[in-house]
């Protein structure tokens, strides 16, 4: 005997409603996570670009300062500045120059340098010492 259609359970039960809701939440959460991740990537990319621009600016400033320092340390520029400021500075007399030795205390005395002559001493370790 056939069953009455009115007594059959409805096609959409509570379990299928819960399953559909969980699927929608999962899909929506995944989509929101994707959008959040993309926005983070965009934000980090813009920060990296800003920092690269700042780095290039600092590198150019550093190069400019190095050139200025090299220019200010050149003897010609120093002489021009002394002349411009009227300091009246001149080259020291040979007897006014004090020469310091970087020789060890037990080393033999070297020959006296001529005025205007610059020498350096190469220190080498003795045999048996490291």
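Read-outs: derived from the displayed coordinates by stated rules, not from any lab. Predicted model, so just to flag it, every value in this text is computed and none were measured. Here Cβ is always computed from backbone atoms with ideal geometry, including for glycine, and neighbour counts include all displayed protein chains.
Considering only C-alpha atoms, what is the centroid distance from region 72-100 to region 16-53, in Å? Each part's Cα centre sits 68 Å from the other's. Label region 17-89 by shape, choosing from rounded, prolate and oblate, from the square roots a ≥ b ≥ c of the eigenvalues of the Cα gyration tensor; if a/c is under 1.5 it is rounded, and otherwise prolate applies when a/b is larger than b/c, oblate when it is not. Prolate shape, in that a/c is at least 1.5 and a/b is the bigger ratio. Here 48, 82 are placed in order of increasing Cβ neighbour count within 10 Å, fewest first, which gives 48, 82.
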